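The structure appears below as structure tokens.
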Amino acid sequence: MKRKVQILCLLALALLAFAVGANAERYITNGSYTAYVGENDYTYLEDPTGVTKVLQTATKELLSMTDTHLYCLTMDGRLYDIDLAASTTSVVSSAPTQADIDAITSKPPYTLENGTLSVTGTTGIPVVVATGVTLAGANTTNLYFLDNNGASLKSMPLESIGGDTLVAATQIGPGSAGALSMSVTENGVVIVAADHSMIIVNLTNNSYSYQAAPSTDVVSGLLVGTKLYYYTQDQDGVYHVAGRIDIAQQQDALATAANATAATATATPTPKPTATPTPKRTATPTPRATSSSNSSSSSNITYGSSGTKVKKMQKRLSGLGYPVGSVDGVFGDNTLYALNLFQGDVGYTERKYANSSTQEKLNSKSAPTYDAFKGLKKNDSGIRVKILQTYLYIYGYNPGELDGVYGANTKAAVERFQFASGIPVTGEADKTTLILLYGQSGPSYPLPTTPTVTPTFGPVTMPPVTMPPVTPGTITDLK
């Protein structure tokens, strides 16, 4: 009887404040305090100042959090009560019943049944948000869900749920068809794809990144600050922490590698003009070069030069739609970018100059117009492949070396992007794939660099301490 009264009191406390939580939760917050299941399956509790303390007892799930208390179930079946402000713990029950656990477990602000996502308005009548939903999750501000059978990630503000007329959901980006799970925290959404890889959405800037599958047993992920935790599930359905990745350190390393690659590419012209010797100039033109047009086109227009020839080339490139930048008569980086695109489109080697053959192709009636979304496939090479690789890289789909060669690594990166975007996985970068990757306006120049991720909080993890065995009513400090 005493235990039942205690459970009812805890239930009343749980109803005092809304806290994000659902079945088998590994993350929960009341907007001030945040708790998550981290290394060794211990409970980590971060206070509003950013200090993290640890309950060194393996936790099965976090049940609910009020303004003052956190309730969790340990791996050995005990029901714990953690006083948030005092950092003390007590065992509510060493052997709670399932009814006890259900009574204290907070419920999500939505229901998802047979693909129909619903919320309950002020009248108590369920309001349908969307159909064809595969997964859903919420933090303290928004409801997130995979729509269109997993192809799209959308969000909706929780404040709109109070009424019976909902705010329209906002498209965040691509989802993942057939995803195994989706976890939502204050600063990130982690989607575990069918191949056990992880798609990470940083909610501070809505940027996407990709993490290859750490193992084929990974079924769930969680982003806390800049730490990505991933979990496996045992035969009894219990989640266990399998590892942790520091996203900030990983991105710093990738950015360093990208900068080094860019510096090398800038310092080393590719390829050198000496590969094809230019015609030697003589004081007196030979009889074969009497035509003024032939004389004009026989001279290379080189990177760094300026004048009427450059301006004429720029004007023609611009007229064909190539992104030449300003038609100012100066052969700079923008002009080189456009020229290399054209050279690749006509099957010529991409060089830092336009020789007579390139100029003839450029000025011919059959010169191709620029297509920002021209398809690419394995064994292609050139600047278009380099652009593709760069965009794959900055969005977290690592294609390996940014070398302009469509090899096995680039093909695999394209496949991962296609899978995450919910489109046919072919490994070929067709128009649909490139529009999703570049955006409707096409690739920008200069090519974008890896975005810097700013963590929303910087927790300081305190050294864990061993907790002595406790019995119901025993008080133990959280360290």
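The values are calculated or read from the model by the stated rules, or taken from the named source; none is laboratory data. All values derive from a computational prediction rather than experimental measurement. Cβ: placed from backbone, ideal geometry, glycine included. Neighbour counts: every protein chain shown.
Per-structure values
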| item | result |
| --- | --- |
| Positions within segment 92-120 being touching a Ser or Thr at 6+ places or on another chain (Cβ under 7 Å) and under 11 Å from TYR71 (Cβ atoms), in sequence order | ASP100, ILE104, THR105, SER106 |
| 2 or more residues aromatic (Phe, Trp, Tyr) and outside the structural domain of TYR395 (by TED's automatic domain parsing): qualifying strands (runs of 3 or more DSSP E) within segment 134-210 | 142-147 |
| Only one of THR349, THR369 that is in contact with a Leu (Cβ under 6 Å, 6 or more places away or on another chain) and surrounded by fewer than 17 Cβ atoms within 10 Å (Cβ to Cβ) | THR369 |
| Per-region count, segment 416-437, residues surrounded by fewer than 17 Cβ atoms within 10 Å (Cβ to Cβ) and in a helix (DSSP H, G or I) | 3 |
| All positions within segment 299-357 that are in contact with a Ser or Thr (Cβ under 6 Å, 6 or more places away or on another chain) and in contact (Cβ under 8 Å) with a residue 40 or more places away in the chain | ASN300, LEU320, GLY321, TYR353, SER356 |
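Matching residues to (1) within 27 Å of GLN418 (Cβ to Cβ); (2) at pLDDT 90 or above; (3) not assigned by TED's automatic domain parsing to the domain that holds ARG416:
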| position | (1), (2), (3) |
| --- | --- |
| ASN340 | yes, yes, yes |
| GLY344 | yes, yes, yes |
| ARG351 | no, yes, yes |
| ASN355 | no, yes, yes |
| LYS374 | yes, yes, yes |
| ILE387 | yes, yes, no |
| TYR391 | yes, yes, no |
